[in-house]
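**Q** Could you have a look at this structure, given as structure tokens, before my questions?
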Amino acid sequence: MANRKLGHEEKRPPGDGLISLAEEGLETGLLPDGWREAAHEAWKGEVQEELLSLVGEGVLQAEVTRAISGWFRHGDSPALEDEQGLFVTAGRGRALVLLANVLLKPGEKVLVETPVSPAARGIFHRNGVEIIGVPCDPDGMLPGECRTLIRKHKPRLIYFTPDESDTCGISWSSRRRAEVLEVALENEVWTVADRSGGRAPVPGEESYLKGSIYAQALERGAGARTAELDSMDGHGIHAAWVRADRALVQRLQEARLKLPEQAGHSGLPGAPAALLVRPGFSWPQHAAALNREYASRRAEALALLEGSPILRAAFQQPAGSGRFLWGELPAGLDSGALLRAARLHGAAFLPGAPWCYAGAGSPRTLRLSLAAQSRQRMRLGLARLADAAAEFTARWEG
């Protein structure tokens, strides 16, 4: 896309509200058709709460579970013999809370990638779990560093996001997935691969099936210490699933009965999972449309950022794909200070250091969310951020 400058009239917002490029969810214009009606039905109680929360074993839950299970009976992926190896719940946060409750005790340790998903980081901290960051390269978590940290800290599990992560957006190579799984198996450490990310998942795609760490574990007869999570709530539907052996699925089902109804709910706008089995709705088609929109917005955002020297430098080599942009400011600049300047101009973003690291993180990193606002407001937010960056740089250099 050619570089595009914002006209003066576009820089003028319709109001004085803050434009946040830090948020996780989608603007309502990207939500699936029928989401308001489906959410209203759930609110009225016509849909079981655990489609907002999938409590119990109702007919509707069985239909949704069957639909999701069918996605994994495609191609060369090891098929589920039935739905007993699949646990379905109302979103990523709820699934992570349940996995943490079942697999971890307060004070236990978890290895996470660097940077780490802010959503997972928050849940681990609230559960009293200590997280330890593992260095990464563009292929994913470094297996040698992982071995060293396992010997030193004796963690209970390894958690990572190998598909277009919701921080830097990278996808792990096939080789790296296999290497980290091997490290976990040889040390008898649990593996939780969270495939939630910046792109909407399309489980029937060949690349998705081939990237499954759980499928690799099954092929090696080692599925008992491996779980794989994916979710749709970042893409407009409150649904998530965990693929695991039947023993873990049973434990998750039992833990769900004890979990408060709203625990782990993201609060993001969207439809209940019941939409997945409505006649006429196709998740694969909707996901493909979302991913095209994410790619288009990403290209436009990068073209707009070219007009700001400091932001062009921060995002000159953006990794990955999806609805987030991860950047690093030039040496000597601080994203927390830039955020304070941006808020004075009416824009906000997510600074990396306080939210995306297990310990002390780089104060230069930041994340932009490209789908939580309308296109117009995204452009306005980026223009305000560029204005703040120019003023901030001039003050810093002066």
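**Q** So if we plug the beta-carbon distance of GLU186 and ALA67 into 1/(1 + (r/R0)^6) with R0 = 51 Å, what FRET efficiency do we get, rounded to 0.05?
**A** Values: r = 36 Å, r/R0 = 0.71.
Computed FRET efficiency for GLU186 and ALA67 comes out at 0.90.
**Q** Here is a follow-up. Listed highest first by mean packing, meaning other Cβ atoms within 10 Å per residue, what order do 235-246, 287-298 come in? Present the calculation step by step, with values, prior to reporting the outcome.
**A** On the way: 235-246: 25.7, 287-298: 17.8.
In decreasing order of mean packing, 235-246, 287-298 become 235-246, 287-298.
**Q** Does segment 171-257 come out rounded, prolate or oblate by the C-alpha gyration tensor, with a ≥ b ≥ c the root eigenvalues, rounded set by a/c under 1.5 and, if not, prolate when a/b is larger than b/c and oblate if not? Intermediate values should be presented prior to the final figure.
**A** Details: a/c = 2.04, a/b = 1.11, b/c = 1.84.
Note, shape of segment 171-257 comes out oblate.
**Q** Moving on. Where the convex hull is taken over the Cα atoms of segment 175-332, what is its projected area averaged over directions, in nm²?
**A** On the way: hull surface 52.9 nm².
Dividing the Cα hull surface by four gives the mean projection, 13.2 nm².
**Q** Now for a separate question. One quarter of the convex hull surface, Cα atoms only: what value does that give for segment 311-372 in nm²?
**A** Details: hull surface 18.6 nm².
About 4.6 nm², averaged over all directions.
**Q** Using every Cα-Cα pair within segment 106-201, state what percent have a distance larger than 15 Å. Walk me through the intermediate numbers first.
**A** Working: 2536 of 4560 pairs.
Tail of the P(r) past 15 Å holds 56 percent of the pairs.
**Q** Let me ask you something else. For GLU254 and ALA222, compute 0.36 nm times the residue count separating them, minus their Cα-Cα distance, and round to one decimal in nm. All intermediate terms of the calculation are to be shown ahead of the outcome.
**A** Numbers: separation 32, 0.36 × 32 = 11.52 nm, distance 2.32 nm.
Between GLU254 and ALA222, full extension yields an extra 9.2 nm.
**Q** Then there is this: Say each of GLN285 and ALA178 gets a label point 7 Å from the Cα, pointing the same way as Cα to Cβ; how far apart are those two points in nm?
**A** Calculated label separation equals 3.8 nm.
**Q** Something else now. Counting other Cβ atoms within 10 Å of each Cβ, which GluC sites (Glu not before Pro) in segment 136-216 have at most 11 and sit in a DSSP loop? Walk me through the numbers on the way to the answer.
**A** Values: sites: GLU145, GLU164, GLU179, GLU182, GLU186, GLU188, GLU205, GLU206; in loops: GLU164, GLU188, GLU205.
Passing both the DSSP loop test and the Cβ count: GLU188.
**Q** Please give the contour-minus-distance gain from THR28 to SER207: 0.36 nm per residue of separation, less the Cα-Cα distance, rounded to one decimal in nm. Intermediate values should be presented prior to the final figure.
**A** Working: separation 179, 0.36 × 179 = 64.44 nm, distance 2.88 nm.
Gain on stretching THR28 to SER207: 61.6 nm.
**Q** For segment 206-257, what does the alpha-carbon gyration tensor say about shape, rounded, prolate or oblate, given a ≥ b ≥ c as the root eigenvalues, a/c under 1.5 as rounded, and a/b over b/c as prolate? Can you show the working numbers first?
**A** Values: a/c = 3.93, a/b = 1.09, b/c = 3.61.
Note, shape of segment 206-257 comes out oblate.
**Q** Just want the ordering: SER207, SER369, from fewest to most Cβ atoms lying within 10 Å of their own Cβ.
**A** Ascending Cβ contact count within 10 Å gives the list SER207, SER369.
Read-outs throughout are calculated quantities, based only on the coordinates presented, and are distinct from any laboratory measurement. Model, not experiment: these values are computed from the prediction. Backbone-built Cβ (ideal geometry, glycine too); neighbour counts: all protein chains shown.
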